[in-house]
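Reading through the structure tokens given below for one structure.
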Amino acid sequence: MAREQLGVLKALDAAKTQWYHFTAILVAGMGFFTDAYDLFCISLVTKLLGRIYYTVPGSLKPGTLPPNVANAVNGVAFCGTLAGQLFFGWLGDKLGRKRVYGITLILMVVCALASGLSFGHSAKGVMATLCFFRFWLGFGIGGDYPLSATIMSEYANKKTRGAFIAAVFAMQGFGNLTGGIVALIVSSAFDHAYKGPAYNINPAASLPPQADYVWRIILMFGAIPAALTYYWRMKMPETARYTALVAKDAKLAAQDMSKVLQVDLQAESEQGRTDIGSPAQETSKNSFGLFSKQFMKRHGRHLVGTTVCWFLLDIAFYSQNLFQKDIFSAIGWIPAAPTMSALKEAFTVARAQTLIVLCGLIPGYWFTVAFIDYLGRRTIQIVGFFFMTVFMFALAIPYHHWTRSENRIGFVVMYSLTFFFANFGPNATTFIIPAEIFPARLRSTCHGISAAAGKAGAIVGAFGFLYAAQSTNPAKTDAGYPTGIGMRNSLIALGCINFFGMLFTFLVPESKGKSLEELTGEIDEEENGQTVELHVSSSTSRTFPV
């Protein structure tokens, strides 16, 4: 391995935190902001879609999306995300992080706009085109997971790397929050302009024709932050680690770092510059592929740990919408649908979900940012899974106790704490760890595989448990659903899933305070006694023994 590479990377690890790091967090984080907005804003408008396209004249209740349509509308973006994580993760290692980064953003902008322009002469036609565009929206979102994580990990210094990657991921919380706020503003504005009575008073007048614009505006708004970010993404140079370790151009990596860190940095070795593009200079021990025995020996159990933990976490995390309706109804946030107009219901749903985001999601994200470089990734993940297990069992075992009206506040508290420890725990760390522990040439691919496993878990959690949680009594199931194992047994199953997530966490190494190359073994720092001298700001030099 060329000595210039090690010198450039050492300088990157030792670099002081400066303004560019925060710029990178903002640029990469705005991608995640958009991801969260686009993925979760659909849940804010599904009730409105049901009223607009599936209300039966003369019915005592307003229309709702049939189970198969609801599953398709909510789940197709997850399927697209899974495919995008695998494809763009692989492509990011083949073509470079920066080149692929812009493609994902363009796809997100176009498909967010197209989702709001879904057309058709019937409800089936509108839902079909909506699902088509949301699949490709999810495909673009999927690419943002491995690329954003990898870019931030490769830009950061080793002292604050965990907090920087966590801050990028924490932008999801603001994306969720913005989705709720946009839905509140749009539904409130239309409700004020086109005031309608409750459904049980006048079914026809409760749904003004202009309500069809509301869900379209909410979905299309997701294109705005993505479009605003595109210019800054294209100005970001390729990461020094990709340029030095994968593209084999340490000189260009030093030049890019000089621009990024605002210093004059040159890589020179005592033996003079070498042609690091020569294949002979890459040691065979660090050229193994993803499907090689050497990868399985060195990183196989790490990949098992990251994929299984993310899979199990997302089953539990995305299944938590199973009892949102119980909580919202229990504390009076969502009255019965016939007592509201269509726009009033849209406003009420947005208000309820916004409060949950403020109370449970956002605090957990930023606790992780604050403590991850002190407590460590693995510790936070184990603690998070542990308390998620505790609170799931605390909800499940005395479930009938919590269903009594006098105990519903306790149920809300337990529910919020489960969300808090998911975010101050595995929901953040499963994103961070795969961006740190795999070699540079496979880092984006392995992160994409891990993230795709998580999305597979999300599909199981959001839809498998939606059926499983149905009552064992046919008279008490939701319309269109068969009987299931019941809410209590579903919560017990989720508690067990969290427990196994805690156990599988022990397969991944602790990466706190270590350089990426130290974790992956890409550069053998014990080889000979050559030094690399890094000239900084033309007047200062830093020497690193290698």
In the chain, helical segments from DSSP H whose Cα atoms cover 24 Å or more along their own axis and that average at least 0.5 on the Kyte-Doolittle scale are 19-40, 67-95, 97-116, 123-155, 161-193, 377-396, 487-504
Normalised Cα Rg of region 399-463, dividing by 2.2 N^0.38 Å with N its residue count, works out at 1.62
Everything considered on the Cα gyration tensor (a ≥ b ≥ c; rounded for a/c under 1.5, else prolate if a/b is larger than b/c, else oblate), region 349-432 must be described as oblate
With all protein chains in place and a 1.4 Å probe, His447 shows an accessible area in Å² (nearest 10) of 0 Å²
Scan of the chain for GluC sites (Glu not before Pro) in DSSP loops with at most 12 other beta-carbon atoms within 10 Å gives a longest site-free stretch of 1-269
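Heavy atoms only, probe 1.4 angstrom, no DNA, RNA or ligands counted: give me Leu228, Leu503 ranked by accessible area, highest first. Numbers along the way, then the final one.
Working: Leu228 125, Leu503 80 Å².
Result, largest first: Leu228, Leu503.
Where does the chain land at 222 nm, in deg cm²/dmol rounded to the nearest 500, when only DSSP H runs of n ≥ 4 count, each adding -39500 (n - 2.57), divided by all residues?
One gets -21500 deg cm²/dmol as the mean residue ellipticity at 222 nm.
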Out of Leu228, Ala244, Asn200 - ranked by how far each Cα lies towards the positive end of the dipole of region 164-254, with unit charges on the beta-carbon of charged residues - the top one is Ala244
Output for region 384-459: trypsin sites (Lys or Arg not before Pro) sitting in coil per DSSP, at most 15 other Cβ within 10 Å, listed by number, reads Arg404
FRET efficiency for Arg99 and Thr339 from the Cβ-Cβ distance with R0 = 45 Å, rounded to 0.05, comes out at 0.25
Given a Förster distance of 25 Å, the FRET efficiency implied by the Cβ-Cβ spacing of Cys496 and Val413, rounded to the nearest 0.05, works out to 0.65
Other residues with Cβ under 10 Å from the Cβ of Leu137 give, with Lys and Arg +1 and Asp and Glu -1, a net charge of -1
Quick shape check on region 357-402: root eigenvalues a ≥ b ≥ c of the Cα gyration tensor, a/c under 1.5 is rounded, otherwise prolate if a/b tops b/c, else oblate, and it reads oblate
Once the dipole of the chain is set up from charges on Cβ (+1 Lys and Arg, -1 Asp and Glu), the residue from the list Gly521, Phe190, Ala456 lying farthest towards its positive end is Phe190
Note: Ala370 to Leu60 extended length (0.36 nm per residue) minus current alpha-carbon separation gives 106.5 nm
With the charge dipole of the chain built from beta-carbon charges (+1 for Lys and Arg, -1 for Asp and Glu) about the Cα centre, the Cα from Leu113, Leu503, Ile141 projecting farthest to the positive end belongs to Leu113
A convex hull over the alpha carbons of region 35-100 yields, per residue, a volume in Å³ of 83 Å³
Expressed in nanometres to one decimal, the distance between label points 7 Å along Cα→Cβ at Ile397 and Tyr20 is 5.4 nm
Distribution output for the chain: share of Cα-Cα pairs per 20 Å bin in percent, first bin at 0, values 22, 51, 22, 5, 0
Note on the chain: contact order normalised by length, alpha-carbon pairs under 8 Å, 6 or more apart, percent, works out to 24 percent
Answer check: region 289-443, Cα atoms, Kirkwood Rh, Rg/Rh ratio of 1.09
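Which value, in debye to the nearest 20, gives the size of the charge dipole of the chain about its Cα centre, when Lys and Arg are +1 and Asp and Glu are -1 at the Cβ?
Dipole about the Cα centre, nearest 20: 1060 debye.
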Rg/Rh of region 1-110 (Cα atoms, Kirkwood Rh), to two decimals, equals 1.21
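The values are calculated or read from the model by the stated rules, or taken from the named source; none is laboratory data. Remember, predicted model here, so these are calculated numbers, not experimental data. Cβ atoms come from the backbone with ideal geometry, glycine included; neighbour counts cover every protein chain shown. Remember, those area values only see protein heavy atoms, side chains included, never the ligands or the DNA or RNA. Shrake-Rupley method; radii C 1.70, N 1.55, O 1.52, S 1.80 Å.
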